[in-house]
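Below you'll find the structure, written out as structure tokens, and then a few comments.
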Amino acid sequence: MKIKLPALFVFVLLLLVIAGNNAVYSQIINADSLENVLKNSSEEDQILILKKLSEYYINSTPEKAIKSANKLLIIAEKNDSTNIVDYCYQILGQAFYLQDNYKKALEYFDKFMTNQIIKNDDKGLARAYNNLGIAYRALENYEKAIECYEKSLELNKKLNDKRGLSRSYN
């Protein structure tokens, strides 16, 4: 009986490794396929594809995420889609942050914050202040970072947003 347990464990582990490699390979193929489909897609489909591509590229190749998000931003602004514009501002801020371009990240996080103020969206505003705090901290402007973190924390407490609070305390 003791021999079967390790053998089963090795089999399951091997299966997970093979499945993981296939998932990564299929994601790469999927991103390439989406890039190809994008060219002949309707504007509505382009929105979905560009959103998916920007999410896919954000951590691996931020420059491609920026390219996808900028294309998406043009479509969103043309169609006056504030939620997608906000999404683009967050992705662009995050991508520039990952490239260590903190000033550019601040620009997009600030645009996102402005939209949240206009929409009177406290949850979005809390997220915006937290993102701004992260960027200011990276720029070593600790006073401004703390100010943003405190605003985020205050809003998350008011909303009783546990997830938001955990981000604020981090």
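Only one of V12, V85, V17 is assigned to a helix (DSSP H, G or I) and at pLDDT 95 or above. Can you tell me which?
V85
Identify all residues within the range 58-99 that are open to solvent by 50 Å² or more (accessible area, probe 1.4 Å) and within 19 Å of Y129 (Cα to Cα); write none if there are none. Don't jump to the end; show me each part of the working.
Of the residues in the range 58-99, the ones open to solvent by 50 Å² or more (accessible area, probe 1.4 Å) are 59-60, 63-64, 67, 70-71, 74, 77-80, 82-83, 94, 97-99.
Within the range 58-99, T82, N83, Q94, Y97, L98 qualify.
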*What do you reckon, is K157 more than 29 Å from K39 (Cβ to Cβ), more than 15 Å from the chain's Cα centre (by Cα) and in contact (Cβ under 8 Å) with a residue 12 or more places away in the chain?*
no
*Hey, can you tell me all the residues within the range 107-126 that are in a helix (DSSP H, G or I), out of contact with any Asp or Glu (no Cβ under 9 Å at 6 or more places or on another chain) and open to solvent by 40 Å² or more (accessible area, probe 1.4 Å)?*
E107, D110, T114, I117, I118
*Answer yes or no as to whether Q90 is of a type outside the set (D, E), touching a residue at least 12 places away in the same chain (Cβ under 8 Å), under 19 Å from K151 (Cα atoms) and not in a loop (DSSP other than H, G, I, E, B).*
yes
*Of the numbered conditions (1) open to solvent by 60 Å² or more (accessible area, probe 1.4 Å); (2) not in a helix (DSSP H, G or I), S41 fails exactly one; give the number of that condition.*
(1)
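The values are calculated or read from the model by the stated rules, or taken from the named source; none is laboratory data. The model shown is predicted, which means the values in this text are computed figures rather than measured ones. Positions of Cβ are backbone-derived with ideal geometry, glycine not excepted, and every protein chain shown enters the neighbour counts. What goes into the accessible areas is simple: the full protein's heavy atoms, side chains included, and nothing from ligands, DNA or RNA. Shrake-Rupley method; radii C 1.70, N 1.55, O 1.52, S 1.80 Å.
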